[in-house]
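Reviewing the structure listed below.
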């Protein structure tokens, strides 16, 4: 990103923090109701070891869930791309899985699988696999008839068409899905923890909330944002690396 | 070696209605010569080419080719994620992976001839329209076909680039001597490049005339031929 483009997001954040600071310090004036950004940063710094300890669990769940969501979505997308019958069979089920509120499902996972890591990972998978599946599927079917006919006339069989045309064509779509999943993965893990856990940022949030320690609540939120942004950034870097050819598309054309 | 097309009929179903596109076309494309198929836009030229390429079968009639056919379309069909060299060698990669290293060397040696020197590792998005189309032709060459089917390869280029590309293509055809079937709606292009010109009518397309431009240096003869073809195309007879 050129320096100039960085100016706007930074300005936006500063304005947001400024309004927050003014509202908290002039209008509300009660830290247990709305702490100032400064108080949040102080709470964040003071509780760094605690936040770090709980973060490890949350990040493990989020990353594990994302990796498994990649595997699951690849499997679903390949199956559905292979056969229209499978696609028609699976599609309503996958869509339905996204319509059930996570907040309803997560307690069930806890009843079935206990308070450990597994139910949280399941929540992350459930949240993350769908955008990737839909995007990969769209990518695999992105080649038009004429293009496929052309490469077939070049001598490609179905397997070569898949490997040389459809799969690379799906890669940018896959990353679009992965980026969405990256944003939601930490949130998914926190929701999972929220409903019952032994450790994690979600648990820390509940404890802080129950003791009306709002600076710590906001510090936990800050930690969630930082981790989500970090995972998102890593995905962006991986995307840039895998799709080097794309960077020329936006330049001068 | 020859591509022989005899009594080919083809129609398409559009909104429940049969639209005849090709109305009994017979022609042949000889080895080592350039044959042009000239007709108004939308007359069914590309349909005929798709039939020869085997995209779909004709309703009736037969198309036989005694040699390998390789195709070059209006769109360059370069894969954006492959660099130029990997793109032009794709036909070799498809048919025989073991031959790929040798093919890459050969393709690299052709780059200057195709005006692509120094662009071996550029991506298609970094190439100009003319360069992309030359790359597509290099890929056609690398496919090692006995016949090149060129479907309005320069239609997407500006007039100036197109003229340059035509002269260049002529030198390429003379050098590699493939049998060429050039599909075009540009009379000048057909006269400039082809040894033999078939003129097609409006849809449903049938052959209405054929010409053999004899002497390309005789300006008066060329201009006469051009008028004749023009008359042919406008009256449809």
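Couple of notes before you dig in:
- Inter-site label distance for residue B:121 and residue B:64 at 7 Å from Cα along Cβ, in nm: 4.9 nm
- Theoretical FRET efficiency, 1/(1+(r/R0)^6), r = Cβ-Cβ of residue A:60 and residue A:157, R0 51 Å, to 0.05: 0.75
- Relative contact order of the stretch A:116-184: 54 percent, from C-alpha pairs under 8 Å at least 6 residues apart in sequence.
- The distance from the alpha carbon centre of the stretch A:187-253 to that of the stretch A:1-51 is 17 Å, rounded to a whole number.
- Contact order relative to length of the stretch A:1-131, as percent, for alpha carbon pairs under 8 angstrom and 6 or more apart: 26 percent
- Counting only alpha carbon atoms, the long axis of helix B:129-142 and the longest principal axis of chain B meet at about 90°.
- If R0 equals 30 Å, the separation of the Cβ atoms of residue A:230 and residue A:104 corresponds to a calculated FRET efficiency of about 0.50.
- Gaussian network model of chain B, Cα within-10 Å springs - most flexible of B:69, B:29, B:94: B:94
- For the stretch A:36-250: relative contact order, % (alpha-carbon pairs under 8 angstrom, 6 or more apart): 30 percent
- Residue A:41-residue A:95 FRET efficiency (beta carbon distance; Förster radius 35 Å; 0.05 resolution): 0.25
- Point-to-point label distance, residue A:53-residue B:220, nm (Cα→Cβ direction, 7 Å offset): 10.4 nm
- Rounded to the nearest 10 degrees, the inclination of helix A:102-113 to the longest alpha-carbon principal axis of chain A is 90 degrees.
- Residues in the stretch B:4-20 reached by a label modelled at residue B:210 [backbone nitrogen below 19 Å; 7 Å Cα→Cβ]: B:4-10
- Inter-label distance for residue B:175 and residue B:108, nm, one decimal - labels placed 7 Å from Cα along Cα-to-Cβ: 1.8 nm
- Cα gyration tensor category, rounded, prolate or oblate, for chain A with a/c compared to 1.5: oblate
Since every read-out is calculated from the coordinates, none of them should be taken as a lab result. Bear in mind the structure is a predicted one, so any value in this text is a computation, not a measurement. Positions of Cβ are generated from backbone atoms using ideal geometry, with glycine treated the same way; all protein chains shown enter the neighbour counts.
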